[in-house]
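Before any comments, here is the structure.
Computed from the coordinates by the stated procedures, all read-outs in this text should not be read as laboratory data. Just so it is clear, the model here is predicted, and its values are computed rather than measured. No Cβ is skipped: glycine too gets one built from the backbone with ideal geometry, and neighbour counts run over all protein chains shown.
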Amino acid sequence: MPDLYHTFLKYDIGHLRIVAGLWGLELESNDGDSAAEELASALLDPEPVHETMEVLPPDASAALKSLASSNGKMEWSSFARRFGEIREMGAGKRDRERPHLKPISAAETLFYRGFLAKAFFDTDKGAQEFAYIPEDLLDLLKLGGFEEKKGEPLGRPATPVEKAFEIPASDHILDDATTLLAALRLGKSDWKSDLQLTTLLTAAGLLKKDAPQAEKVKAFLEASRADALNLLIEAWKSSQTFDELRLIPSLACEGEWKNQPQVTREFLMDLVNAIPQNKWWSIPAFVRAIKEKYPDFQRPAGDYDSWFIKRQSDGQYLRGFAYWDQVDGTLVKQFIHTLHWLGMADLASPEEGKEAAAFRMAESMGQKSKVEGKIVVTSNGKVTVSRFFSRAVRYQISRFCEWEEPKADDYQYQVTAHSLAHAKEQGLQASQLLALLVKYTNSTVPPALVKALKQWESHGTEARVKSLLVLRVTRPEIVEELRRSKAGKFLGEVLSPTAVTIKSGAESKVLAALAEMGLLAEIES
C-alpha cells in the first residue's frame, strides 16, 4: 500500500491544509509536494497520532479499528456499506461547503484527517477499488494497539426463552452413514439418498461416484464411534467440495461462479471458537454481529451481483446485498446446524418444533457413546439391532434382510425368502447370516429360524403366498360353458367345481363373456 507521503501527493494544497488543521498543525510550505512531505513527517509522530485517535468520534474510531484489523485494506464497496461514503466534490465546492466540518459518515471523518484513502489495487478479478490506511501510518496504529481485539466473541449469550427447549448433539450421523453405505452396497434404487451425507462420505473417501470403497468402508465401520466421528469431522473441516452454501435446501445455486467453502468454514469456525465454552449463545445475535462486522465473509471483493442464487420457493433471484439475510445469514445458520449434525454443537429453541435460536459447543461425543447395544432375534425371522452395537455387524446383517422402519435406537430387519435370494445374487449364503447371528447373540438364535435358514440353504423357497383372482359361480355348468367360450384362455387353476382362478387383468374380459351367456356378475372387493 502507498505510504502517507505518496498518498498526500494525490491531493491539492487546500486538502492538505484541511488535514493539517484537523491535527492542530499549520503548514509552512505552499508547494504541493513540499507540503505533502512536511505534513507526512508531522503526522508520523506517535504522540499526535495518539492524541488525534483519542478525539475521534465513536463511529470513526470503530471504522478505523476495523480497517486496521483487516491489515489496513478493505474492498471499498464493503467498507462504504458499513461506514458510509465520501462525497465527491472539486476543490472549489469543497472550500465553499467545508465538508470536513460536518462529515456525513465515519469514512468522511477519517478521510479529512488523513487516516483513510482510496485507491485501485490489482486482484484476481482485475483492478478493484479499496479503502486503505497509508502503510507507515498503519504501522504506528498497530504499535499503539489500535486494532479490534482478536478472539472476542460476536453476539451475546442466549436468553432463557431462546434456550428453553434443548436439542442435544448426538452421533446419529454414524448410524445414518452405515445405513446409506449398506443401501448403496445393496443397490437399493428406492432408497432416499441424503445429498449432504453422500457429499460428506465422498469427501471422506468412503464413496466414489456413489460406490462404497470396500477397504475404507471396512475401516470406518470397524472403528470406534469416537474415531469414526472424528474421521468425518476432519474430512468436513478440510474438504473443498463439501459446500454448505450449495447444500442449503431453500436455495439453488446456478451459473459458473465459484466460492471457497473451506476458507469460509475456517473463518466461521474461528468465530465459533471465540465463544465461551459450555455457554449457550444466541444464533440471531451471532448472525447479526457477523453481518455488522464481517458481511463479506464468504464474498471475494464484496461481490453480491455475479453469484446467481435462486430461492426455491418462488424462483426469486437473490442478488445484491439486500438479500444478505436470505443467503449469507442463512449460510451461517446452516453452518451451525452442520456442527450439530456432526455432533459438535447442541441446539436449543424457544419450544419444541420451533427454529433453533441458540447453540453451544458440545462435549466430545466419544464421552457420550459408551452404551453397549445388543441383537435380538425372534423365531419368525425378525432381527433387531441396537444402534450402539457394532456398525460393521449391522451393515453385514442388513445385506441379508428386508428393512423395516427403525424404532428409537433400534434398527428392525426381517429375514425373508426374497431377501435371502437377493443376498445370494451378491454371492452371500444363508449359512453366513446364521453364523453372524449365532456369534453375536451368544448362540441364542431360535431353533425355528436356525432350521428355516438351513432348509433354505439346501432347498431354496419351499412355500409361496400368492394373490389370486377367483371366480365363484352357483353351478359347475357355468364354469364348463365359460371354458368353451372365447374367454376360456383367461381361466386358470380349478379350485373346486364352482371356483376357478382368473389371470391378472382379465376381469373385464370374463365379465363380458358371462354377460353374453346371460349372466350378470359382480366384483367383490
- prompt: lysines within cross-link reach of Lys486: Cα-Cα under 27 Å, excluding same-chain residues under 8 positions apart?
  reply: Lys466, Lys503, Lys509
query: Got a sec? Charge dipole of the chain, +1 on Cβ for Lys and Arg, -1 for Asp and Glu; which of Phe297, Pro276, Met361 is way out at the positive end?
result: Met361
- request: Would you mind calculating the relative contact order of the chain from Cα pairs under 8 angstrom and at least 6 residues apart, reporting the percent as a whole number?
  value: 11 percent
statement: Of the residues Gly492, Leu514, Val479, the Cα lying farthest along the dipole of segment 469-516 towards its positive end, which is defined by charges on the beta carbon of Lys, Arg, Asp and Glu, belongs to Gly492
statement: The local net charge around Ala60, scoring Lys/Arg +1 and Asp/Glu -1 for residues other than Ala60 whose Cβ lies under 11 Å from its Cβ, equals 0
task: Quick one: grab the alpha carbon gyration tensor of segment 4-143, order the square roots of its eigenvalues as a ≥ b ≥ c, and give me rounded if a/c is under 1.5, else prolate or oblate depending on whether a/b is larger than b/c.
output: rounded
Angle between the chain longest axis and helix 13-22 axis [Cα atoms, degrees, rounded to 10]: 80 degrees
- request: Just list whichever of Lys209/Lys291; Lys218/Lys279; Lys65/Lys258; Lys237/Lys258; Lys237/Lys291 have alpha carbons separated by over 26 Å in the model shown.
  value: Lys209/Lys291; Lys218/Lys279; Lys65/Lys258
message: Just want to confirm a number: the relative contact order over segment 4-143, from Cα pairs under 8 angstrom separated by 6+ residues, in percent.
response: 28 percent
message: Rounded to the nearest 20 debye, what is the charge dipole size of segment 138-269 about its Cα centre when +1 sits on each Lys and Arg Cβ and -1 on each Asp and Glu Cβ?
response: 220 debye
- prompt: What are the trypsin sites (Lys or Arg not before Pro) within segment 469-525 that DSSP puts in a loop, where the Cβ has at most 15 other Cβ atoms within 10 Å?
  reply: Lys486, Lys503
message: Compute, for the chain, the length of the dipole vector about the Cα centre, with Cβ point charges of +1 (Lys, Arg) and -1 (Asp, Glu) only. Units Debye, rounded to 20.
response: 3140 debye
- request: Please say if the chain is rounded, prolate or oblate, where rounded means a/c under 1.5 for a ≥ b ≥ c the square roots of the C-alpha gyration tensor eigenvalues, and otherwise the choice is prolate for a/b larger than b/c and oblate otherwise?
  value: prolate
Lys/Arg +1, Asp/Glu -1 at C-beta; segment 4-143 dipole; positive extreme among Leu140, His100, Ala36: His100
task: Run the dipole for segment 4-143 about the Cα centre, Lys and Arg Cβ at +1, Asp and Glu Cβ at -1, nothing else charged, and hand back the magnitude in debye, nearest 20.
output: 740 debye
